[in-house]
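Chemist: Pasting a structure below so you can have a look.
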Amino acid sequence: MNLPLLSLIIFLPIVAGTVMLLWPNASRDAIRRLALVTATITFALSAWLYVAYDFVAGGYQFVEKYPWLPELGISYHVGVDGLSAPLILLTGVVIFTGTLVSWNIDRPREFFGLLYILATGVFGVFAALDLFTLFFMYEVAVFPMYLLIVIWGWEKTREYAGMKLTLYLLVGSVLALVGGLAMVFAARDNLGYLTFDLLELEKAGLSVGFQKFWFPIVFFGFAVLGGIFPVHNWSPDGHVAAPTAVSMFHAGVLMKLGAFAALRVGVMLMPEGAKFHLPWIILLTLVNVVYGAFIASVQQDFKYVIGFSSVSHMGLVIMGIATLNHDGLLGSGVQMFSHGVMTALFFAVVGMVYDRTHTRHIPSLGGMMKKLPWAGVAFIIAGLTSMGMPGFSGFIAEFPIFMGVWRYEPWIAIVAAISIVVTASYVLRVAHKVFFGPLPEEFKDIPDINVFDRVALVTLVFFLVGIGVFPHMMVPWIESGVNYVLTILGGA
Amino acid sequence: MSALNSAMLLALLPELLVLALMGLVLITDLSGRVRGRNLGWLTIVGLVAVVLISVSTVMPDAAGEAVWGGTLKHDALSFVFRMLFLIAAALTVFFVLDVPGLGDRGAFYLLLLASVLGMMLMAMANDIIMLFLAMETATIPLYVLAGFFTGRRESVEAGFKYLLFGALASGVMLYGLSLLYGFSGGEVEFAALAQGLAETQAPTWAVLAALMVVLAGFAFKVAAVPFHFWAPDVYQGAPTPIAAFLSTASKAAGFVLLVRVALVAFPSATLPWWGAALAAMAAATMTLGNVLALTQTDLKRLLAYSSIGHAGYILMGVVAATKLGLTAVVFYLLVYMLTNLAAFGIVAVLERSTGSSAAAHLAGLYKRSPWLTLATLAAFLSLAGVPPFAGFVAKVWVFMAAVEAKLEWLAVIAVLNSIVGIYYYLVVLKVAYEYDPPADAAPIVVSRPVVWALAVLAVFIVVAGVAFGPWFGWGQWAAAALFP
C-alpha cells in the first residue's frame, strides 16, 4: 500500500492540535469544527486500518520504517499487529466520542490542541516498533495530561491529582527508559551493533541473568500506567479530578498504553525474566482485581466508583498477561478494548449527570432515568458489560482470562471471581440509586443531553454490544497477535 | 616557536574578527554619533558576520591542529563551541537592546565581547597557561557586567559576590595547576602534562589531590556542587540578560575546557579516581540543584537552581569519558544554551512588564500574551526534558552515555532527578496556564527584537527535538577531536 495510513493516523491529531495552539485568534466555532473534523477523520482512518488488517496473514502490517538517527540505530519504525490494531481503533473511538462530549468546553482551543497532541502520543506507542519511538511517544502522551487536568479539572483536587498522576507515570517511564537503554547495550554485545528496533531486540538473546534483573524494573515502569497494585493510587484520584473527555481518554486508552507497553517491551523482549517474575506479579494483580472491586463498592462519589472499578478491571488485563498462556493473553487483548470502551462510556455518563446536577454524591442523586433516558440506558449497558454478562464484550474478554488463570493456578481464579460478584453489587446499587427511585426536587428542570452526546453514547454502545454478540468482530485479530507472542515465549 | 605564518593567523580568525568588532564598537561609541540601541544592532550584525565568515573560511578538520606553539588547539571541539558562544552572545544582545541603562551603553557591549573572546580562547586552550589566561579574560568582564546596575544594591552585591567567589576559585585553581606543573616535571601542554604525571616520582595521592583542586576551580565555573552557591544570588541580582549569559555561555565554556583538561591533561590511569569524584559531584549537583529549585518562587532563582541541576546531567556525560559521552555533552550544551536563553528571555520580558521576576506574576499569561505562553511552554518543557522538545533527546543521550559506561546507578539518580525537575517546571506552566490574571495585571509588552529572538529559539527547540540528526552529527564531529 502506498498511502502511509498508519503515519497519517499518528500525525493527523498532532498537526491539528498544533494548528489550534498556534491560532490564538480563532473563533470558538472554528476551533470546534476543526476538532470535530479531525476527530471524525481520525476515527474513520483507524476503523479503516482495523478492517484492512489481514488477520489470516497475521504479523506486522502497515509497516513504515525511516532512519531517524542511524548512528545510534534509531529509526521511526511503526506497524500494527493483531494486538495493537484493536487498540488503534479504540483510540480512534475514544478521541471521536471524547470530542463530541466536550462540545461546550471552556477554552476549546487549548483543550482540543492539547488533547490531540496527547492522541498522537497514544497512537505512536501502540504502533511503535522501535524502542526510542516508543519512549518518545510515551512521554508525548503523558505531559499534556497535566495541563488538561489542572486547567479543566475538578477545582477541589485538580492540582494535587494532576501532579500526582504525572509524577507517578513519569517515574515509571524513566525507570523503564534506563532499563530500555541497558537492554540496547546488552543487545549490542550479542548483535555487534546498536539498534533500538524492537524486532531485532527480540532476537538479541539477552542473557537470563540480565532479564531477571531488569524485567521487574521495565515491567513495573510501564505497569504503573496500567494501574498495577501498589502503584495504582494515582488512577482514581486522577480520573476523578480530570474533565470528562480526559477521564475517558485516560481510563479508556492511557491505562492500556501501560499494559500494552509492559507486554511489548517487558514480556516480549525479556521472556525469561517474565517467566521468572510474573508468578509473584500475578498476586499483585489479584489484589487489584479483588481489592479494587471492594473499594469501588464503598464509594459515595459516582466518579470514584468508576475510578476504582478501572483499577479492578485493569488488574484483570495484567493478570491475563501474567498467565503467559493463550487464553489469558487472548482475554487480556479483548479486555483492553472492551474495558476501554466501557470506561469511556461510564465516564461520559458520569460527566453528563454531573454537568446537569453539579453533584456526584450518589445518595443525593436519583430518578435520572426520567430526565436522561439515553444516559441511563447507556450506563446500564456499560454496567452489564463490566459485570461480564454474556451478550456484551466484557464476557468475551473476562471468560478467557478466568480460563487462562484457572489453567495457571485454580485458586487464583477462584479468588479473582469474587470480584464479579462485588462488581455486580456495586453496579446495580449505583444504577438503582442514580437512575431509579424518586427524582429529587432540585433536578426537576435539568435539560436532556444533546445530539452530540447521543451520537457518542450510541457509538460506544455499538462496540460493547457488537463484540458481545459477534465476537468474530475482534477475536480473530487478537488471536493472531497472541500467537505471535506465544512463539516468542515458546521460542526463547 | 615557529615564526608567524598565515595558518596561525587563520586559526585565530574568529578571535581577530571579534577583536576588530570590539574596536569598531569602541570607536562608534566614542564618536558619539550612534545613540541608543543601534550599538546593539551593530554588535549583533558583527557577531553574526563573524560566525558566517568563520564557518565559510576556517572550518578545521575534526582532529584539528595545535597552533601558536601548542598553546591553542584549532579543532572541531573548539570550533563548535566558539561559534556557539558567538551565537549566544548575539542572542543575549537581543534581550539587552531595550533595557534602559544597559542597551544604550557602549561599555556594556565592549565588556560582553571581551568576555566572549575569553570564552573562545577557553575552548581552544591547550596548555595550562592559556587555560588560566583565557579563563580570567572570560570571567573578569563578567564581574563588571553582573554589577552593571551601579544604582541597584542587588546588582552591586551580585557583582561583588561573583568577584569574591571567582577570585577565590581562580586562586585555588592556579595553585592546583602549579602543583601539576611541578609534579609533571615542568610540562604545560595538556598532552605532555599527562605524560609527565604518568611518569612522575611524586606520590599518587599528591597528584590526585592536585587534580581535585583543579576540578574545584572548574566546579565554580560550571556552578557544580559544592561550589555552586554563588549562582542563585548572582543570577538574581545581575541584569537578567547577563544572568542568561552567565548560565549558558559561561557555563558551557567551563565545560568545554573541563572536558579537554579531564580527557587530555589528566593521565588516563587516574580516570577511576577523578571519574569517581566527578560522578559523585554529578550526583550531588543534580540532586541539590533540583531539590532546592522546588522551593523557589522567583523565576531567576528557580532557573539558577535548575541550571545547577543541568550541570549535574552534563557532568554525567563527562564522567562517561567515551565518544558517545562527549557527543552527548556537546548536544546537551547546545540545546541547554539555546533553551535557557529562551527561558531567561521570557523572564526578562516579565520583569520589564511587571517589575518583578516572581513566578506569581505569570498568572493568566495565557490571556495576557498567548504567544509568550507558547514560548514558555516550549522553553520550560524542553528544560524539563519532555518530547517533542529538544531537552528530551539531550537527556536521553547523556543517560545513554552513562548506561554505556556501566554507570547505571548514576543514570537512575539522574532520571529520578529529572522527575523532580518536571515538578517545578510544571508548576510554572500551571501558573501561566491555569490561574486567572489578577485584575490589576500589567500588560505584557514584548519588544520586536525579543519576539524575533524568542521565535527563533522556540522553533529551534522543536526542530532539534524532532530532527536531531544534524545536531547530533555536529556533536559527533566535535567529539571526534578527542576520540578519533
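The values are calculated or read from the model by the stated rules, or taken from the named source; none is laboratory data. Since the model is a prediction, treat every value here as computed from it, not as a measurement. As a convention, Cβ positions derive from the backbone with ideal geometry for all residues, glycine included, and neighbour counts pool all protein chains shown.
Chemist: Scan the helices (runs of 4 or more DSSP H) fully inside the range B:355-445 and keep the ones with 1 or more residues being free of Cβ contacts under 8 Å to residues at least 60 places away in the same chain.
Modeler: Those helices (runs of 4 or more DSSP H) span B:370-384, B:390-404, B:408-433.
Chemist: Could I ask something else about it? From the list A:Gly252, A:Gly227, pick out the single residue that is touching a residue at least 40 places away in the same chain (Cβ under 8 Å) and on the phi > 0 side of the Ramachandran plot.
Modeler: Answer to the selection: A:Gly227.
Chemist: Sticking with this structure for a sec: Can you tell me which residues in the range B:456-476 are part of a helix (DSSP H, G or I) and within 11 Å of chain A (Cβ to nearest Cβ)?
Modeler: B:Ala458, B:Val462, B:Gly465, B:Val466, B:Gly469, B:Pro470, B:Trp471, B:Phe472, B:Gly473, B:Gly475, B:Gln476
Chemist: Further question on the same structure: Let me confirm something: among A:Lys212, A:Lys203, A:Lys256, which residue is closer than 30 Å to A:Gln300 by Cβ and basic (Lys, Arg)?
Modeler: A:Lys256
Chemist: Between a residue in the range B:250-271 that is of a type outside the set (Gly, Ala, Ser) and any residue that is surrounded by fewer than 18 Cβ atoms within 10 Å (Cβ to Cβ), which pairs come within a Cβ distance under 6 Å, given they are 6 or more apart or on different chains?
Modeler: Qualifying pairs under 6 Å: B:Val264/B:Ala191; B:Pro267/B:Ala198.
Chemist: Tell me, yes or no, whether the range B:67-80 has at least one residue that is touching a Phe, Trp or Tyr at 6+ places or on another chain (Cβ under 7 Å) and of a type in the set (A, V, I, L, M, F, W, C).
Modeler: Yes, the range B:67-80 has at least one match.
Chemist: Something else about it: Among residues belonging to the range B:346-380 that are hydroxyl-bearing (Ser, Thr, Tyr) and in contact with a helix residue (DSSP H, G or I) (Cβ under 6 Å, 6 or more places away or on another chain), point out the one that is nearest to the other protein chains (Cβ to nearest Cβ).
Modeler: Keep residues of the range B:346-380 that are hydroxyl-bearing (Ser, Thr, Tyr), which gives B:353-354, B:356-357, B:366, B:369, B:373, B:376.
Next, from what is left, pick out any that are in contact with a helix residue (DSSP H, G or I) (Cβ under 6 Å, 6 or more places away or on another chain): B:354, B:357, B:366, B:373, B:376.
On the way: B:Thr354: 21, B:Ser357: 23, B:Tyr366: 7, B:Thr373: 9, B:Thr376: 12 Å.
Across the range B:346-380, the extreme among qualifying residues is B:Tyr366.
Chemist: Please find, among B:Val428, B:Val451, the residue that is farther than 18 Å from B:Ser357 by Cα and either more than 10 Å from every other protein chain (Cβ to nearest Cβ) or of a type in the set (Gly, Ala, Ser) (or both). Reasoning before the result, please.
Modeler: Numbers: B:Val428 fails: farther than 18 Å from B:Ser357 by Cα.
Every option except B:Val451 fails the conditions.
Chemist: I would also like to ask the following. Could you count how many residues in the range B:396-419 are closer than 14 Å to B:Ala321 by Cβ and more than 7 Å from chain A (Cβ to nearest Cβ)?
Modeler: Total meeting the criteria: 7.
Chemist: Of all residues in the range A:278-303, count the ones that are within 18 Å of A:Leu225 (Cβ to Cβ) and in contact with a Lys or Arg (Cβ under 9 Å, 6 or more places away or on another chain).
Modeler: Adding up the residues that qualify gives 0.
Chemist: Of the conditions (1) surrounded by fewer than 24 Cβ atoms within 10 Å (Cβ to Cβ); (2) in a helix (DSSP H, G or I), B:Gln296 satisfies every one except a single condition; which number is it?
Modeler: (2)
Chemist: Are there any pairs with C-beta distances below 8 angstrom linking a residue in the range A:112-127 that is farther than 18 Å from A:Leu198 by Cα to a residue that is basic (Lys, Arg) and at pLDDT below 95, with the two at least 6 apart or on different chains, and if so which?
Modeler: Partner pairs satisfying both residue conditions: A:Phe112/A:Arg32.
Chemist: Which of the residues spanning the range B:279-309 are in contact (Cβ under 8 Å) with a residue 12 or more places away in the chain and over 25 Å from B:Glu154 (Cα atoms)?
Modeler: B:Ala279, B:Met281, B:Ala282, B:Ala283, B:Ala284, B:Thr285, B:Met286, B:Thr287
Chemist: Could you look through the range A:178-198, keep only residues that are touching a His at 6+ places or on another chain (Cβ under 9 Å) and outside any helix (DSSP H, G or I), and pick out the one that is farthest from the other protein chains (Cβ to nearest Cβ)?
Modeler: In the first step, residues of the range A:178-198 are kept if they are touching a His at 6+ places or on another chain (Cβ under 9 Å); the result is A:196-198.
Those left that are additionally outside any helix (DSSP H, G or I): A:196-197.
Details: A:Phe196: 10, A:Asp197: 16 Å.
Among them, the one singled out is A:Asp197.
Chemist: Another question, if that's okay. Checking B:Val393 against (1) at the interface with chain A (Cβ under 7 Å from one of its Cβ atoms); (2) farther than 30 Å from B:Thr354 by Cβ, which single condition isn't satisfied?
Modeler: (1)
Chemist: Regarding A:Leu460, is this residue closer than 22 Å to A:Lys370 by Cα and at pLDDT 90 or above? Full working, then the answer.
Modeler: On the way: closer than 22 Å to A:Lys370 by Cα: yes; at pLDDT 90 or above: yes.
Judged against the criteria, A:Leu460 is a match.
Chemist: Next question, about the same structure. Hey, can you tell me all the residues within the range A:118-149 that are aliphatic (A, V, I, L, M), farther than 30 Å from A:Asn450 by Cβ and more than 9 Å from chain B (Cβ to nearest Cβ)?
Modeler: A:Val125, A:Ala127, A:Ala128, A:Leu129, A:Leu131, A:Leu134
Chemist: Could you check the range A:150-177 and list, in sequence order, the residues that are β-branched (Val, Ile, Thr), facing chain B (nearest Cβ under 10 Å) and more than 19 Å from B:Phe399 (Cα to Cα)?
Modeler: Scanning the range A:150-177 gives A:Val150, A:Ile151, A:Thr166.
Chemist: With respect to B:Pro484, is the statement that it is closer than 17 Å to A:Glu71 by Cβ, more than 14 Å from chain A (Cβ to nearest Cβ) and either over 23 Å from the mean Cα position of the chain (by Cα) or among the aliphatic types (A, V, I, L, M) (or both) true?
Modeler: yes
Chemist: A further question on this structure: Just a yes or no: is a residue in the range A:19-37 under 21 Å from the mean Cα position of the chain (by Cα) and surrounded by 16 or more Cβ atoms within 10 Å (Cβ to Cβ)?
Modeler: For the range A:19-37, residues under 21 Å from the mean Cα position of the chain (by Cα) and surrounded by 16 or more Cβ atoms within 10 Å (Cβ to Cβ): absent.
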